[in-house]
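What follows is calculated from the coordinates using simple rules that are stated; it is not laboratory data. Predicted model only: the values in this text are computed from it and were never measured. Note that each Cβ is placed from the backbone with ideal geometry, even for glycine, and that neighbours are counted across all protein chains shown.
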Amino acid sequence: MRIVIVRVVDGWAAHATAVLRAAGYRSGGARAAVVDFLGREECCVSAQQVHEGIRRDGRAVGVASVYRVLDLLLALGLVQRVDVGGDVAMYEAVHPDGAHHHHLVCGDCGRVERFTDDGLERALHGLGERVGYAVAGHDVTLRGACGDCRPTAAPP
C-alpha cells in the first residue's frame, strides 16, 4: 500500500462564508475568525488550537464562541468532527468538491497526519458496489505509533 501525505490549498473559506450568508448568518466577529483560521489549515485542529491560533492572529475571540461557531459549521456540513481518541475531538473543513483525506493518529504522542491512497479509495467504492450500498462518504483513521514513537527493531 502506497500512502501519500498531501497538502491542499483552496477556497473553502469563501465557500463557507457564502453558505453562512445564505443561511442568514453575518460574517463578522467569531464566525469570520474561525472560518479564516480553518481555511488556512491543512488538517484537523482542536477547538483549543483554533482559539489559540485566532489569538496569535491578534483577534479577541472567546473559547466559548469558538465552540459555538464550530457547532454551527458542523450543523451546516461545513466541517467534520474527527475523533482522534482520548476524548479529543478535532475539526476540519469539508470541501464542497468532495476532496478529502484520511488520518494517521499516533497513540503515543497524539500526532495526527493526513494521507490519501487511491487504492484505498477504489477498494471502498468497490465494497459499496459489491454490497449494494450507496456510499455517501467515509472516514478512515489509522491508529498506531508514528515514526518517532514506534519501537525500533532490535538488530539480529
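In the chain the longest region clear of chymotrypsin sites (Phe, Trp or Tyr not before Pro) that are loop-assigned by DSSP and have at most 16 other C-beta atoms within 10 Å covers 26-132. Against the chain, whose longest principal axis comes from its Cα atoms, helix 63-75 is set at around 70 degrees. Ranking of 34, 82 by neighbouring Cβ atoms within 10 Å, starting from the fewest: 82, 34.
The ranking of 87, 139 from fewest to most other beta carbons within 10 Å of each one's beta carbon is 87, 139. If you fit an axis through the alpha-carbon atoms of helix 118-130 and take the longest principal axis of the Cα set of the chain, what angle between them do you get, 0 to 90°, nearest 10? Here the helix axis deviates by roughly 90 degrees. Compute the distance from the alpha-carbon center of the stretch 118-153 to that of the stretch 36-95, in whole Å. Rounded to whole Å, the Cα centres lie 24 Å apart. For residue 91, nonlocal amide neighbours, meaning residues 5 or more places apart or on other chains whose placed amide H falls under 5 Å from its own, are 45, 46, 82.
Sorted ascending by nearby beta carbons within 10 Å, beginning with the fewest, 97, 83, 36 become 97, 83, 36.
For trypsin sites (Lys or Arg not before Pro), the sites in the stretch 1-101 that DSSP calls loop and that have at most 10 other Cβ atoms within 10 Å are 2, 7, 26. For the stretch 24-74, the Kirkwood hydrodynamic radius comes to 10.8 Å, computed from all pairs of different C-alpha atoms. The angle between the Cα long axis of helix 47-56 and the main principal axis of the chain comes to about 60°, on a 0 to 90 degree scale. Taking every Cα-Cα distance in the chain and sorting them into 5 Å bins from zero, the calculated P(r) comes out as 1, 8, 16, 18, 18, 15, 11, 7, 4, 2, 1, 0, 0, 0 percent.
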